[in-house]
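Peer 1: First the structure, which I've put down as C-alpha cells, then a few questions once you've had a look.
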Amino acid sequence: MADLSKGVAFIDDDYKPVGEACIPVLDWGFLHSDATYDVAHTWRGRFFRVDDYLDRFHASMAKLRMSVPYSREQIRSIMFELVRRSGLRDAYIEIVCTRGMPAPGSRDPRSCKNRFFAFVIPFVWIANERMREQGLDLLISRQQRIPPESVDPSIKNYHWLDMVMALFEAYDRGADTVILVDSEGGLVEGPGFNIFARLGDTVVTPARGVLEGVTRETVLELLARETLQVAPGPLPAASAQAADEVFITSTAGGVMPVTRLSGQVVGNGRPGALTAKLNDAYWALHDDPDYSVAIDYRGNPDE
Ligand SMILES: *Cc1c(COP(=O)(O)O)cnc(C)c1O
C-alpha cells in the first residue's frame, strides 16, 4: 500500500496517493495557466483560518467565472478528509479549480467544464531553518510583477513566469529568494509571499498589485494590538533598504525575517524584535479556537 503520509489527492471524486493523481493534458489549467488555487495549512493537527482560505478561493472562482459541482461545505469536508487520510499533523493543503477542457475544436471558455482537485502534502517552508533564524537574503528583482491591470492579483493564480525567472536571477546572485517590483519601482510581492517594512514607528506593506495573503491579514490584525502606525501603501526599494526591519509573510512559513535586501544590510543585520514578536504571536494563534479548528483523525481502519 502507498504511503499516504507523503500526500493524498482528491480528484474525479476519488481519494488516491498524491503521486497517482493526474489531469488530462488538454485541461486549460495546464495549457493556459487558466486556473485559481488556494493553499491552507494545518499545524499540530489543527486547521488554521480554514474559512478565510475558503472565502478567498470562492471569491477567486467567482471572479474567473468558474464553478464546480462541490459546495463550499463539501470542499471544506474534502480538505479535512485529505488531512485525516494522510495522518499528517503539519500539512500543506492545496485546492485547485482549472478551466477544464473546451468542447472538441472549440476555443470558447464557456464550453469548458471546470475541474476541481485538491491535495495534501507535508508542510512546506519557503525559508529553511538557517534563513528563519538568521534572516533571508532577498534580491530586489528587475523583473516587474504582472501588473494588476493585466491579471487581478487578488485571484491566487499560476501566472508565475515572472516569479520563476526572478528566482533564477536571485539564485544566480547568491540570494535566498526574490521580491518583484511594480512599474514605479515599488516592491510588491515575491513567489508566494507578501512583504512588510518597519521604518521607526511605521509599518508599511504594499497595498496594490498584491495577493491579500491570509498571513498578511493575520499580521495586520496582530499589529493592531501594537502602538505602531500601519500604513498599507507603496514601498519604494530605497525605503525598504533603509528600514529598521523587513519581513515576509506566507502560509508556507509564517513571519520570516529579511536581513539583506539586494546586498544592503537591513537594520543591524539581525532579525528584528517586532518580526520575532509577530512570528511568536502568529504561531500561538494556531492553538487559539478563534483561529484554528482541530482535525478528527479517527476513521475506518480499512482506509
Ligand atoms: C499565496 C501567495 C501569497 C501569500 O498569501 P498567504 O495567504 O499568506 O499564504 C502572496 N503572494 C502570492 C503571489 C501568493 O501566491
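Peer 1: Kirkwood Rh, the stretch 229-303, all Cα pairs: how many Å?
Peer 2: Details: mean 1/r = 0.0663 Å⁻¹.
Over the stretch 229-303, the inverse of the mean reciprocal pair distance is 15.1 Å.
Peer 1: Could I ask something else about it? What nm value, rounded to one decimal, do you get for the distance between Asp3 and Ala231 when each label is placed 7 Å out toward the C-beta?
Peer 2: Going by the 7 Å Cα→Cβ label model, 5.1 nm.
Peer 1: Name the shape class, rounded, prolate or oblate, that the alpha-carbon gyration tensor gives for the stretch 219-273, where a ≥ b ≥ c are the square roots of its eigenvalues, rounded holds for a/c under 1.5, and otherwise prolate holds if a/b is larger than b/c and oblate otherwise.
Peer 2: Prolate shape, in that a/c is at least 1.5 and a/b is the bigger ratio.
Peer 1: What FRET efficiency do you get for Gln134 and Val164 if R0 is 22 Å and r is their Cβ-Cβ distance, rounded to the nearest 0.05? Please list the in-between numbers first.
Peer 2: Working: r = 25 Å, r/R0 = 1.14.
It comes to 0.30.
Peer 1: Where in the stretch 115-149 does the amide nitrogen come within less than 13 Å of the point 7 Å from the Cα of Arg44, taken along Cα to Cβ?
Peer 2: none
Peer 1: Within the stretch 167-201, what residues put their amide N at less than 20 Å from the label point 7 Å along the Cα-to-Cβ vector of Asn268?
Peer 2: 197-201
Peer 1: Which log10 I(q)/I(0) values does the stretch 129-287 give at q = 0.18 Å⁻¹ under the Debye formula, counting every alpha carbon as one identical point scatterer?
Peer 2: Log-scaled intensity ratios, in q order: -1.08.
Peer 1: Within 10 Å of each candidate Cβ there may be at most 13 other Cβ atoms; applying that plus a DSSP loop requirement, which GluC sites (Glu not before Pro) in the stretch 123-188 survive?
Peer 2: On the way: sites: Glu129, Glu133, Glu149, Glu169, Glu184; in loops: Glu149, Glu184.
Loop-located and lightly packed - Glu149, Glu184.
Peer 1: In nanometres, what is the gap between the two model label sites at Asp287 and Asp14, each 7 Å from Cα along Cα-to-Cβ?
Peer 2: A separation of 4.2 nm, rounded to one decimal place.
Peer 1: Report the FRET efficiency, 1/(1 + (r/R0)^6), for Val151 and Ser67, where r is their Cβ-Cβ distance and R0 is 22 Å, rounded to 0.05. It would help to have the intermediate numbers written out before the result.
Peer 2: Numbers: r = 20 Å, r/R0 = 0.92.
Efficiency at R0 = 22 Å is approximately 0.65.
Peer 1: Using the Cα atoms of the stretch 111-152, I'd like the radius of gyration and the largest Cα-Cα distance, Dmax, both in angstrom.
Peer 2: 17.7, 51
Peer 1: Taking a cut-off of 19 Å between Cα atoms, list the aspartates and glutamates near Lys156, but don't count ones fewer than 8 places away on the same chain.
Peer 2: The qualifying aspartates and glutamates are Asp27, Asp34, Asp38, Asp51, Asp52, Asp55, Glu94, Asp182, Glu189, Glu212, Glu217.
Peer 1: Compute the label zone of Asp52 within the stretch 202-220: residues whose backbone N is under 15 Å from the point 7 Å along Cα-to-Cβ.
Peer 2: Correct set: 211-220.
Peer 1: Continuing with the same structure: Taking the Cα centre of each part, how many Å lie between the stretch 151-218 and the stretch 1-72?
Peer 2: Between the Cα centres of the stretch 151-218 and the stretch 1-72 lies a distance of 23 Å.
Peer 1: Give the share of C-alpha pairs in each 10 angstrom bin for the stretch 61-102, from 0 to the last occupied bin, in whole percents, shortest bins first.
Peer 2: Spelled out bin by bin, the stretch 61-102 gives 23, 46, 25, 6 percent.
Peer 1: With +1 assigned to the C-beta of every Lys and Arg and -1 to the C-beta of every Asp and Glu, and no other charges, what is the dipole magnitude of the chain about the Cα centre in debye, to the nearest 20?
Peer 2: Numbers: 32 positive and 42 negative charges, 54 e Å.
That gives a dipole near 260 debye.
Peer 1: May I have the pair-distance distribution P(r) for the stretch 8-122, computed from all Cα-Cα distances with 5 Å bins from 0 and rounded to whole percent?
Peer 2: Bin by bin from 0 Å, the calculated values are 2, 12, 23, 23, 19, 12, 6, 2, 1, 0.
Peer 1: Let me ask something additional. Could you pull the Cα extents of the chain along its three principal axes, largest to smallest, in whole Å?
Peer 2: Computed over the Cα atoms, the extents are 55, 47, 34 Å.
Peer 1: Right, something else. Find the relative contact order for the stretch 129-287 and round it to a whole percent, using C-alpha pairs within less than 8 Å whose residues are 6+ positions apart.
Peer 2: Dividing the mean separation by the residue count of the stretch 129-287 yields 26 percent.
Peer 1: For the chain, what is the calculated [θ] at 222 nm in deg cm²/dmol (nearest 500), taking -39500 (n - 2.57) for each run of four or more DSSP H residues and dividing by its residue count? Don't jump to the answer; show the numbers that get you there.
Peer 2: Working: 8 runs with 78 residues, N = 303.
The per-residue figure over the chain is -7500 deg cm²/dmol.
Peer 1: Further, regarding this structure: Using 0.36 nm times the number of residues separating Ala59 and Gln74, minus their current alpha carbon distance, what extension gain do you get?
Peer 2: Working: separation 15, 0.36 × 15 = 5.40 nm, distance 1.63 nm.
Stretched fully, the Ala59-Gln74 segment lengthens by 3.8 nm.
Peer 1: Find me the longest stretch of the chain that has none of the exposed trypsin sites (Lys or Arg not before Pro), where exposed means in a DSSP loop (not H, G, I, E or B) with at most 16 other Cβ atoms within 10 Å. Walk me through the numbers before you get to the answer.
Peer 2: Numbers: sites that count: Arg44, Arg65, Arg89, Arg107, Lys113, Arg173, Arg208, Arg225, Arg298.
Excluding the exposed sites themselves, the longest stretch runs over 226-297.
Peer 1: Can I ask one more? Give me Rg/Rg_expected for the stretch 37-90, where Rg uses Cα atoms only and Rg_expected = 2.2 N^0.38 Å with N residues. Could the numbers behind the result be given before it?
Peer 2: Values: Rg = 11.9 Å, N = 54, 2.2 N^0.38 = 10.0 Å.
Output field value: 1.18.
Read-outs: derived from the displayed coordinates by stated rules, not from any lab. This one's a predicted model, so the numbers in the text were calculated from it and none came from an experiment. No Cβ is skipped: glycine too gets one built from the backbone with ideal geometry, and neighbour counts run over all protein chains shown.
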